[in-house]
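> One structure, pasted below without further comment.
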Amino acid sequence: MLNRMMKMTLAYGLILITVYSFWYVVGHPRLVKEPALNAGHKMQSVSYAPFEKDQSPLDIGLKGMTISDRRIDEDMAILSRRFACIRTYSVAGLEAVPVFAEKYGLNVLLGAWVSGDPILTQKELTKVVELARRHPSSVRGIVVGNEVLLRREVTGPQLVEYIRQIKSALPDIPVTYADVWEFWLKHPEVVLETDFVMIHILPYWEDDPVSIDQSMAHVRKIQEELARKIPGKEIVIGETGWPSEGRMRESALPSRENQARFMRGFVAMAEQEQWQYNLIEAFDQPWKRAGEGAVGGYWGLYDTDRVDKTVFSGPVSNYPNWPALFWMSAGIILLTLIIAGSHPGMNRFQWLQFSGIVAAGAVLIVMQGHQFSIISRNGWEHLWAVMVLGQAAIVYFLALSTIAFKTLPTHLSLNASMDLLRGKSSLMSSENRFKTPDDGQISHSLVLRHLSSVISINRLVVIAFAMIAVLGLFFDARYRSFNNCGFIIPALGYAWFSHKAGRPVQPGGLERLSALMLVIAAMGVFIKETPLNLQADVWVGICLLLAYPLWREGRDSSLRPLLSCSMLLVVVYTAFAVMRYGILDSNMVTNLCAEKPTGVFCLIRSILGKLMYHQVFGLTSLVLAVLAIWRNTAWLCILAMIASIGGFALYNVSPCAIAFVVAGLTLAHTKLAQDILN
């Protein structure tokens, strides 16, 4: 007995040491070369917005939110220590900014927000003129509009008229416009009207993303190219920076270390070349995650609590809270004592397997939880986080129990799991047990027996979650994160269970269909992201790992009954894609509607835009999917999937992915079951 306890104590001691070492290595601050600036030298300018964790500029107009003078005062005090100027993007709710800028000796590049709404735009322009006249000592220039040509909300000639209006009212103040560098080359009429050219160079957001190692060369190339192609105009870099958190885009990886590398490298280069520049941005802005994904909220030099992220000086850690992450991992590790203590008599090989899974699983679960804490922004996303972590935890403890008790769960087929969920069957004794590979006897593990129902359908849940996630990444990849750490455990676990236990009870077409969907969507993600995106590569591997045993188990099944439905969905998606690319996203139609808003195409574009904005396709598909499950009707499933297809084409991807998978599994289960009966 004493020998067994010593083995367990030694094993857990080594596990904790290993996990601590891992977190120490990944969290230990690293040295990053700092720019050689003179003592007291201030950087030129930084983008400023005062919004905190739960605030958004949209709340100013919709909810009447106001920004307190105290907030702006404190922010100006912080920024004045490092910068000589700030850039704003709007004046709505920010009328006090020039006042406090003057207090701390800061200049202001005052921005007027230009949009497709001429009334709101005119209000901005009027207020900008008023503030500039009231604060001539601090307002260094006016920026009329930000990336409005990129968003295609106004045409070049319309923007020119707004610029002329401000120049006429403020003849002594330089006036410009700000946009991604390509759009200055596309709109020479805007170049002619501005006093200087303000370009945005964001290597991460380029159509062909640039890695951190190539980012300085890229910025230099673009700056020099614009200076050559637009002679006679001063080129000001109006936005440049690097995100500290978020998903990888090809080889461009957001991280705190990479943010520090970019910012320090850029400032050193810009000061040496005597470029005019403005950095993005002063403080993290969580509200941007709604439109740009998780990465949008993490471009700040300070976090939302105004804590310095050590972007410009000192060692940098990608996991500054690594001690807390270690203790979370340790808590999960100690929970596994329930299993180890129930069977301390494991041999050396069992302990080796058990210890490896305990350590790796605890780290992966905590890393996924850490990612969710960064990217989740509303109740639905927090619910998704809980569900993904929950299914990973189930497989984690199931794998540990399998090793400790020398058992294997006889998991149900997806078809049987669907029957169980829909109340068409109950767990039979032959399907409700966990057998050993040697004698097939029922295991005496209370942990497994009490979780039999959950474990039996967990594989279906894992596959459904994976299909929802991969569809989201396929149809709306740009702003979605890869939940790799949350899916590695079930992918490896079920591949192992399937290999050891053989085919599940009554495998069918659902296995083959699910495998096919995972492979096709994963290959689409791989092509879109390119092999340079290591996060995408891992995700594709996870999908293939989930798909292989499913395909092997369902290899004798036919998907012929689903052929007509599949062809219908392809035709429907083609029709919606034509409307999206031919009308909604068409530059020609956009320019036409900006000049002459009447007409059939403009009416269709307006309707599609409203349907997209109000998530009509997403909500409709969810309602139809619920009705389809309740009524168990094939035509309702098809309608739900058609609505989902429309949502995929019109950017309602999250709810549509859920509805598509739920309705698709229900339809396939019904159709394939009918085919077997016939």
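> How many of the residues making up the range 44-76 are within 24 Å of ALA178 (Cα to Cα) and among the aliphatic types (A, V, I, L, M)?
Looking only at that region, the number is 6.
> A further question follows. Considering only residues that are of a type in the set (Gly, Ala, Ser) and in contact with a Phe, Trp or Tyr (Cβ under 6 Å, 6 or more places away or on another chain), look in the range 1-32 and name the one that is farthest from ILE332 (Cα to Cα).
So in the range 1-32, the residues of a type in the set (Gly, Ala, Ser) come out as 11, 13, 21, 27.
Okay, now just the ones that are also in contact with a Phe, Trp or Tyr (Cβ under 6 Å, 6 or more places away or on another chain), so 11, 27.
On the way: ALA11: 15, GLY27: 19 Å.
So, considering only residues that are of a type in the set (Gly, Ala, Ser) and in contact with a Phe, Trp or Tyr (Cβ under 6 Å, 6 or more places away or on another chain), the one farthest from ILE332 (Cα to Cα) is GLY27.
> Looking at the range 49-73, which of its residues are surrounded by 14 or more Cβ atoms within 10 Å (Cβ to Cβ) and touching a residue at least 24 places away in the same chain (Cβ under 8 Å)?
Pass one, the range 49-73, residues surrounded by 14 or more Cβ atoms within 10 Å (Cβ to Cβ): 49-52, 55-57, 59-60, 65, 67, 71-73.
Correct list: ALA49, PRO50, PHE51, GLU52, GLN55, SER56, PRO57, ILE60, MET65, ILE67, ILE72, ASP73.
> OK, next. Identify, by number, the condition in (1) closer than 25 Å to TYR479 by Cα; (2) surrounded by 17 or more Cβ atoms within 10 Å (Cβ to Cβ); (3) touching a residue at least 40 places away in the same chain (Cβ under 8 Å) that LYS288 doesn't meet.
(3)
> Looking only at helices (runs of 4 or more DSSP H) that fall completely inside the range 576-678, which ones have 3 or more residues that are within 24 Å of GLY472 (Cβ to Cβ)?
On the way: elements: 587-595, 600-613, 616-631, 634-649, 653-677.
The qualifying helices (runs of 4 or more DSSP H) are 600-613, 616-631, 634-649, 653-677.
> Something else now. For residues in the range 226-245 being within 22 Å of SER211 (Cβ to Cβ) and charged (D, E, K, R), which is surrounded by the fewest Cβ atoms within 10 Å (Cβ to Cβ)?
This residue is GLU245.
> Sticking with this structure for a sec: Going by what's in this entry, would ALA217 be described as touching a residue at least 24 places away in the same chain (Cβ under 8 Å) and either on the phi < 0 side of the Ramachandran plot or surrounded by fewer than 17 Cβ atoms within 10 Å (Cβ to Cβ) (or both)?
Numbers: touching a residue at least 24 places away in the same chain (Cβ under 8 Å): no; either on the phi < 0 side of the Ramachandran plot or surrounded by fewer than 17 Cβ atoms within 10 Å (Cβ to Cβ) (or both): yes.
Considered against the rule, which asks whether it is touching a residue at least 24 places away in the same chain (Cβ under 8 Å) and either on the phi < 0 side of the Ramachandran plot or surrounded by fewer than 17 Cβ atoms within 10 Å (Cβ to Cβ) (or both), ALA217 comes out as no.
> Name the residue that is modelled with the highest pLDDT, counting only residues in the range 30-48 that are of a type in the set (A, V, I, L, M) and surrounded by 17 or more Cβ atoms within 10 Å (Cβ to Cβ).
Here is the first cut: in the range 30-48, the ones of a type in the set (A, V, I, L, M) are 31-32, 36-37, 39, 43, 46.
Of the ones still in play, those that are also surrounded by 17 or more Cβ atoms within 10 Å (Cβ to Cβ) are 32, 43, 46.
On the way: VAL32: 94, MET43: 95, VAL46: 98.
Once the filter is applied, the top-ranked residue is VAL46.
> Something else now. Which of the residues belonging to the range 159-206 are under 30 Å from GLU292 (Cα atoms) and basic (Lys, Arg)? Talk me through it step by step, then tell me what you get.
To start, the set of residues in the range 159-206 that are under 30 Å from GLU292 (Cα atoms) comprises 159-163, 175-191, 194, 196-206.
Result: LYS186, single match.
> Between ALA404, ALA330, ALA385, ALA399, which is of a type in the set (A, V, I, L, M), in contact with a Ser or Thr (Cβ under 9 Å, 6 or more places away or on another chain) and farther than 27 Å from LYS288 by Cα? Please lay out each step first, then the result.
Working: ALA330 fails: in contact with a Ser or Thr (Cβ under 9 Å, 6 or more places away or on another chain); ALA385 fails: farther than 27 Å from LYS288 by Cα; ALA399 fails: in contact with a Ser or Thr (Cβ under 9 Å, 6 or more places away or on another chain).
Of the residues listed, the single one that is of a type in the set (A, V, I, L, M), in contact with a Ser or Thr (Cβ under 9 Å, 6 or more places away or on another chain) and farther than 27 Å from LYS288 by Cα is ALA404.
> Then there is this: Look through the range 5-29, keep the residues that are within 23 Å of ILE338 (Cβ to Cβ) and polar (S, T, N, Q), and return whichever of them is surrounded by the fewest Cβ atoms within 10 Å (Cβ to Cβ).
THR9
> Tell me, which helices (runs of 4 or more DSSP H) lie completely within the range 298-400 with 2 or more residues that are modelled with pLDDT of 95 or more and buried (at least 17 other Cβ atoms within 10 Å of the Cβ)? Please lay out each step first, then the result.
Working: elements: 322-335, 337-342, 348-375.
In the range 298-400, the matching helices (runs of 4 or more DSSP H) lie at 322-335, 348-375.
> Checking ASP207 against (1) over 21 Å from SER90 (Cα atoms); (2) of a type in the set (D, E, K, R); (3) assigned to a helix (DSSP H, G or I); (4) free of Cβ contacts under 8 Å to residues at least 24 places away in the same chain: exactly one of these is not met. Which one?
Only one criterion in (1) over 21 Å from SER90 (Cα atoms); (2) of a type in the set (D, E, K, R); (3) assigned to a helix (DSSP H, G or I); (4) free of Cβ contacts under 8 Å to residues at least 24 places away in the same chain is unmet by ASP207, namely (3).
The values are calculated or read from the model by the stated rules, or taken from the named source; none is laboratory data. Because the structure is a prediction, the values reported are computed rather than measured. Here the Cβ is made from the backbone with ideal geometry for all residues, glycine too, and neighbour counts use every protein chain on show.
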